[in-house]
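Have a look at the structure below, then the notes.
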Amino acid sequence: LVLNEPLAAALGLDAEELRADPALLTGRLGDAVPTFAQAYAGHQFGRYQPQLGDG
């Protein structure tokens, strides 16, 4: 992954702080952060799919 420093600056984010937090880049959030997956329906590849999602 590459940190887009100009975008971070435009959003008012500190690039060094973003680099210092490995959870933002690795997905290793620890036990203190609950995780969840979402499901939804929609059209994909020209057909209706009753269950789409991220997990």
Computed over segment 5-53: relative contact order in percent, which uses C-alpha pairs under 8 Å that are six or more apart: 19
Once phi is turned into θ = phi - 60°, what whole-Hz ³J(HN,Hα) does the Karplus curve with 6.51, -1.76 and 1.60 give for every residue of segment 32-48, x standing for Gly and Pro? 6, 10, x, 10, 7, 10, 10, 10, 7, 10, x, 9, 9, 6, x, 9, 6
What dipole magnitude, in Debye to the nearest 20, does the chain give about its Cα centre under +1 on Lys/Arg Cβ and -1 on Asp/Glu Cβ? 400
Among (1) 61; (2) 23; (3) 68, which is the computed percent of Cα pairs over 17 Å apart? (1)
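Computed from the coordinates by the stated procedures, all read-outs in this text should not be read as laboratory data. As the structure is a prediction and not an experimental result, all values here were calculated from the model. Virtual Cβ from ideal backbone geometry, glycine too; neighbours counted across all protein chains shown.
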